[in-house]
Amino acid sequence: AGSIAPDLSLAEIAARLVHARQQAGPANLQLSGGEPTVRADLPDIVAAAKAVGFAFVQLNTNGLALAADAALAPRLAAAGLDSVFLQCDGVSDAVHTALRGRRLAREKRAAMEACSAAGLGVVLVATLVPGVNVGEVGELVRLAATLAPGVRGVHFQPAACFGRYPGDGASAPRLTLPELLAALEAQTGGEVRAADFHAPCCEHSLCSFSASFAVAPDGRLAVAGGGGCCDTGAAPIPAEDGARQSMAFVARQWGPAKAALEPAAIRDDFDRFLAAAASRPKISVSAMAFMDAWTLDLERARGCCIHVAVPGGRLIPFCLYNLTAADGTALYRPKPCA
């Protein structure tokens, strides 16, 4: 049987971070896996990322360690972590059991609370499978609104086949972005409308959508003006400018909530208006449609602005890094060692 290559040392990771910063410039950084929280030195990795100049650092995690260890979220925040991309496929235990093999609703809520208490922005990330959890997308948005501003957004990812799906990927259940938009509108009673969302200003326009919503005191949602990196109907902008705008929006919306304006700083009615607007929590609602062997579009891949740093210094478009052939053979992902 094959074995998995050992994890990189902290020194090796630090060297890779230096090279990635040189290659990518002032990009946002996400630490992913596998499961990054299995590493005891994760706070040191976060600190190393900050030290080489990554201004926004996000952790992609299932949240189980954050729920189990009350000290972990504060340690990560102290090291410079900004945001947690928290795997959360729905609000019910039935959904987690179907997709992850066990009841996890309690652990997910505990992780959200731990991160919020530590001042980390939280984004709930749901892998969507028709017939399993698409019926909970509205409830997940409602949950995020209830927990704002600690929870900063919900990000939906329709399932793609990257070698783990047990059947034939050609017949796997699929969810399109227009179908997801329709589900969001129906399940929120029209508070979240398909027309509220805009295409990305970074990756290809068929890859994703997003919008920001203000949360009223009664919990109702209203689309926030200028809530995304680029407004619907705006003239096309150069890809580099779009990438900068997208990174700035992600850092602003998914990072820690900003402190309210101090009363002593409020001098007139306009200050009061600005303070009231700023104090209303906002959540982002977004989605990303990843490509697999059955949905690959090279035009979209060429326009990708989300990359994986690999040995040798190359940056590989995210979908291509995870791509497998129909038989499960990986294109770029590390193979088990003999």
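The values are calculated or read from the model by the stated rules, or taken from the named source; none is laboratory data. Predicted, not measured: the structure shown is a model, and the values here were computed from it. Note that each Cβ is placed from the backbone with ideal geometry, even for glycine, and that neighbours are counted across all protein chains shown. In case anyone asks, the SASA skips ligands and DNA or RNA and just uses the protein heavy atoms, side chains included. Shrake-Rupley method; radii C 1.70, N 1.55, O 1.52, S 1.80 Å.
Remark: pairs (first residue in segment 70-81, touching a residue at least 40 places away in the same chain (Cβ under 8 Å) and under 11 Å from Leu59 (Cβ atoms); second residue part of a loop (DSSP other than H, G, I, E, B) and open to solvent by 20 Å² or more (accessible area, probe 1.4 Å); Cβ separation under 8 Å; 6+ apart in sequence or on different chains) = Ala73/Ala118; Leu76/Ala118; Ala77/Ala118; Ala77/Gly119. As for segment 71-82, it holds at least one residue that is open to solvent by 10 Å² or more (accessible area, probe 1.4 Å) and in contact with a Phe, Trp or Tyr (Cβ under 8 Å, 6 or more places away or on another chain). Criterion applied to Ala182, Ala195 was being outside any loop (DSSP other than H, G, I, E, B), in contact with an Asp or Glu (Cβ under 9 Å, 6 or more places away or on another chain), of a type outside the set (Phe, Trp, Tyr) and surrounded by fewer than 13 Cβ atoms within 10 Å (Cβ to Cβ), and the one residue passing it is Ala195.
For segment 144-159, the condition holds for no residue, the condition being that it is open to solvent by 20 Å² or more (accessible area, probe 1.4 Å), at pLDDT below 95, more than 17 Å from the chain's Cα centre (by Cα) and within 29 Å of Ala111 (Cα to Cα). All conditions but one from (1) closer than 20 Å to Leu143 by Cα; (2) surrounded by fewer than 22 Cβ atoms within 10 Å (Cβ to Cβ); (3) in contact (Cβ under 8 Å) with a residue 40 or more places away in the chain apply to Cys88; the one that does not is (2).
Yes/no per residue for (1) surrounded by 17 or more Cβ atoms within 10 Å (Cβ to Cβ); (2) touching a strand residue (DSSP E or B) at 6+ places or on another chain (Cβ under 8 Å):
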| residue | (1), (2) |
| --- | --- |
| Ala94 | no, no |
| Leu99 | yes, yes |
| Arg102 | no, no |
| Lys108 | yes, yes |
| Met112 | yes, yes |
| Ala118 | yes, no |
| Val122 | yes, yes |
| Val125 | yes, yes |
| Pro130 | no, no |
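Only a single criterion out of (1) farther than 30 Å from His96 by Cβ; (2) of a type in the set (A, V, I, L, M); (3) surrounded by 18 or more Cβ atoms within 10 Å (Cβ to Cβ) is not satisfied by Leu10, namely (3). Can you tell me how many residues in segment 306-333 are more than 17 Å from Ala170 (Cα to Cα) and open to solvent by 50 Å² or more (accessible area, probe 1.4 Å)? So the answer is 10.
Could you please let me know if Ser32 is hydroxyl-bearing (Ser, Thr, Tyr), within 21 Å of Arg314 (Cβ to Cβ) and touching a strand residue (DSSP E or B) at 6+ places or on another chain (Cβ under 8 Å)? Against the criterion (hydroxyl-bearing (Ser, Thr, Tyr), within 21 Å of Arg314 (Cβ to Cβ) and touching a strand residue (DSSP E or B) at 6+ places or on another chain (Cβ under 8 Å)), Ser32 qualifies.
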